[in-house]
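Please see the structure below; I have some questions.
The values are calculated or read from the model by the stated rules, or taken from the named source; none is laboratory data. Being a predicted model, the structure only gives us computed values, none of them experimental. Positions of Cβ are generated from backbone atoms using ideal geometry, with glycine treated the same way; all protein chains shown enter the neighbour counts. In case anyone asks, the SASA skips ligands and DNA or RNA and just uses the protein heavy atoms, side chains included. Shrake-Rupley method; radii C 1.70, N 1.55, O 1.52, S 1.80 Å.
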Amino acid sequence: MRHGGTRRLETDRLILRPFRAEDGEAMFRNWAHDPEVTRYLTWQPHENAEASHAIAAMWERESRKPESYQWAIVPRGQEEPIGSLSVVRMDEAVDAVELGYCIGRPWWGMGFTAEAVKAVIDYLIREVGAHRVAACHDVNNPRSGRVMEKAGMKKEGTLRASQRNNQGIVDVTVYSVLAEEWMSGEREKRMHDA
């Protein structure tokens, strides 16, 4: 892959940008403190803004590495992030990446996460050279699967008792899109829009 790191990406409604240390307060307030946001995730809610600040500062440092991909999701017209989106696993032997994301409850159901995931998939395939972009969700969190579908991923199947999150050992459903599918779908969309 041709690593380009966490580049600023823009969509109709969002700016996806690297985290800054000063994002910690907004991270804590907007999503990281909320046990409903972290219910199906692998990390516990942050106990205070200092914990969020430490994470944001770490992500800012890591954003200088070309193989690091960690975006702050920021609605246009705002300064503070409402969620995060990152590459959580990478297998360079097969040019594959896996995404993870979360967004604050006030922004659930607005399509922001799918919009962000779609932009990141496009960047990872077109610019970084990923052949496969995948994501998975706890089977008890089907809303996350709908995000993946809206972003253009296809359901592959369920892996039984294959991951641990805040609910314990869980079954996860895997979604993915391959580069050739993504490029073909974009070609079809351009032809339809013409």
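If GLY109 meets every condition in (1) open to solvent by 20 Å² or more (accessible area, probe 1.4 Å); (2) in a strand (DSSP E or B) apart from one, which number is that one?
Unmet condition: (2).
Just to be sure before I move on: is GLN44 of a type outside the set (Asp, Glu), under 23 Å from ALA135 (Cα atoms) and either modelled with pLDDT under 95 or surrounded by 18 or more Cβ atoms within 10 Å (Cβ to Cβ) (or both) in the structure I sent?
It is false that GLN44 is of a type outside the set (Asp, Glu), under 23 Å from ALA135 (Cα atoms) and either modelled with pLDDT under 95 or surrounded by 18 or more Cβ atoms within 10 Å (Cβ to Cβ) (or both).
Return the pair list, or none, for Cβ contacts closer than 8 Å from residues in the range 122-136 that are touching a residue at least 60 places away in the same chain (Cβ under 8 Å) to residues that are among the aromatic types (Phe, Trp, Tyr) and in a helix (DSSP H, G or I), at least 6 apart or on different chains.
That search, which allows pairs on different chains as well, returns ASP122/TRP182.
Condition check: out of contact with any Cys (no Cβ under 9 Å at 6 or more places or on another chain), of a type in the set (A, V, I, L, M), within 18 Å of TYR40 (Cβ to Cβ) and open to solvent by less than 70 Å² (accessible area, probe 1.4 Å). Does VAL139 satisfy that?
Here the answer is yes, as VAL139 does meet what is asked.
I'd like to know if the range 83-93 contains one or more residues that are farther than 21 Å from THR11 by Cβ, among the basic types (Lys, Arg) and part of a helix (DSSP H, G or I).
Checking the range 83-93: not a single residue is farther than 21 Å from THR11 by Cβ, among the basic types (Lys, Arg) and part of a helix (DSSP H, G or I).
If you don't mind, there's one more thing I want to ask. Does the range 148-163 include one or more residues that are open to solvent by 30 Å² or more (accessible area, probe 1.4 Å), at pLDDT 95 or above, among the hydrophobic types (A, V, I, L, M, F, W, C) and over 24 Å from GLY109 (Cα atoms)?
yes
Please count how many residues of the range 33-83 are farther than 16 Å from ARG20 by Cβ and among the aliphatic types (A, V, I, L, M).
Summing the residues that are farther than 16 Å from ARG20 by Cβ and among the aliphatic types (A, V, I, L, M) in the range 33-83 gives 3.
Which residue pairs have Cβ atoms under 8 Å apart, sit 6 or more places apart or on different chains, and have a first residue in the range 37-61 that is closer than 14 Å to TYR101 by Cα and a second that is among the basic types (Lys, Arg)?
VAL37/ARG105; THR42/ARG164
Let me ask you something else. Go through (1) within 14 Å of the chain's Cα centre (by Cα); (2) touching a residue at least 60 places away in the same chain (Cβ under 8 Å); (3) more than 22 Å from HIS33 (Cβ to Cβ) one by one and return the number of the condition SER84 breaks.
The single condition SER84 does not satisfy is (3).
Give just the number: which of (1) open to solvent by less than 50 Å² (accessible area, probe 1.4 Å); (2) acidic (Asp, Glu); (3) part of a helix (DSSP H, G or I) does GLU98 not satisfy?
Failed condition: (3).
Being open to solvent by less than 80 Å² (accessible area, probe 1.4 Å), more than 14 Å from the chain's Cα centre (by Cα) and over 18 Å from GLU60 (Cβ atoms) is the filter here; which residues of the range 4-18 pass it?
Hit for the range 4-18 is THR11, nothing else.
Additional query: Regarding TRP59, is this residue out of contact with any helix residue (DSSP H, G or I) (no Cβ under 6 Å at 6 or more places or on another chain) and either farther than 22 Å from CYS136 by Cβ or surrounded by 17 or more Cβ atoms within 10 Å (Cβ to Cβ) (or both)?
Criteria met by TRP59.
Please enumerate the residues belonging to the range 19-40 that are within 27 Å of LEU124 (Cα to Cα) and open to solvent by 40 Å² or more (accessible area, probe 1.4 Å).
Correct list: ARG20, GLU22, TYR40.
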